[in-house]
Ligand SMILES: Nc1ncnc2c1ncn2[C@@H]1O[C@H](COP(=O)(O)OP(=O)(O)OP(=O)(O)O)[C@@H](O)[C@H]1O
Ligand SMILES: [Mg+2]
């Protein structure tokens, strides 16, 4: 029965992933129906809707077994404004199981630290199996609202999420250190001067590793913010790291590229997004520009090998140019 819970296109896509420190996509996809069945059984849950998917995870709507389909129960009262979230027990929830890879390893730790403030509430976790039981949010995400409002929401969420990171969260300094070396050695998939600049900036940012180690949501884009009852918007999918908050801005620049316009408006639109988010989140704009250059160069180098990555590479160049102007 749980075989039907894994969409075939997801299985085909993730099945092609090579191992990233844990197990190859194919082995994980083969084991996934059994894993879902075990988790449903052990946690006393039953499916309550069609499986949603991300790039490396399934998110299965669930409810406590035997409760039946008698309407919404989000596990706590619907409050005006922003409440802390479901008090206890499991109401309507989502069982998220991720293909094991390093970026996802700290997700439970981060959600636990936020405890429902600005982010989806974690109800239960088995980090060893990369399995999370999450409060269920609405399907509507931040791509559905105008871009200025969306950037204000992202900036406010970043401010709400700010707190020191747990010692086990991977450090941004280590990432920057790796980029300083890798970008210098990378093939020129974008102009050499941008790779050299990104490598130099990464080295400078890495050397400042004595700064505060904040808990970072490193993938806060419009699709990773969902509407909720107890709060207008909540973040999901944090891919956490520990370090400088200025790292968090870049995903909001590259996503919703269709809303950037064309020609000379692109630079203006990117700088406007950057300014709005930094202002709301209390982030230094110069540092956000420097991290964005590093992250965009990294993305361009990563995607250069994929035939579908060409459009993203030109976007990376546009963003790096706009950060330099
Ligand atoms: N708590 C939740 N409530 C409702 N839907 C959710 C919830 N968590 C995840 N989803 C749905 O599942 C999708 C995938 O989840 P998520 O973004 O966490 O996974 P991912 O594989 O890490 O994604 P990405 O493609 O961004 O790497 C989301 O885009 C959303 O549609
Ligand atoms: Mg996501």
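Details
- Counting beta carbons within 10 Å around each of 268, 114, 43 and listing the fewest first gives the order 268, 43, 114.
- Label point distance in nm, residue 279-residue 166, each placed 7 Å from Cα along Cα→Cβ: 3.6 nm
- Between the helical axis of 310-324 and the longest alpha-carbon principal axis of the chain there is an angle of about 60 degrees.
- Sorting the Cα pairs of region 268-310 by distance into bins of 10 Å, from 0 upward, gives 26, 39, 26, 9 percent per bin.
- Taking only the C-alpha atoms of region 142-324, Rg followed by Dmax gives 15.8, 48 Å.
- Helix 265-281 and the longest principal axis of the Cα set of the chain meet at an angle near 60°.
- The C-alpha atoms of the chain define a longest principal axis, and helix 25-42 lies at about 40 degrees to it.
- Rounded FRET efficiency, nearest 0.05, which uses the C-beta distance separating residue 308 from residue 83 and R0 of 56 Å: 0.85
- Length added when fully stretched, residue 174-residue 149, from 0.36 nm per residue minus Cα-Cα: 5.6 nm
- The length gained on full extension between residue 159 and residue 117, counted as 0.36 nm times the residue separation minus their Cα-Cα distance, comes to 14.0 nm.
- Over the chain: Rg over Rh, Cα atoms, Kirkwood Rh: 0.97
- Rounded to whole Å, sorted largest first: equivalent-ellipsoid semi-axes of region 77-214, Cα gyration tensor: 34, 19, 16
- Cα→Cβ-extended label distance, 7 Å offset, between residue 30 and residue 52, nm: 3.1 nm
- The relative contact order of the chain, computed from alpha carbon pairs under 8 Å that lie at least 6 residues apart in sequence, is 15 percent.
- Once both labels are positioned 7 Å from their Cα atoms along Cα-to-Cβ, the gap between residue 19 and residue 324 label points is 4.0 nm.
- Theoretical gain in end-to-end length, residue 185 to residue 41 [0.36 nm per residue, Cα-Cα removed]: 46.9 nm
Laboratory data are not the source of any read-out in this text; all were calculated from the coordinates shown. These numbers were taken from a predicted model, which means no experiment stands behind them. Please note: Cβ atoms are built from the backbone with ideal geometry, for glycine as well, and neighbour counts cover all protein chains shown.
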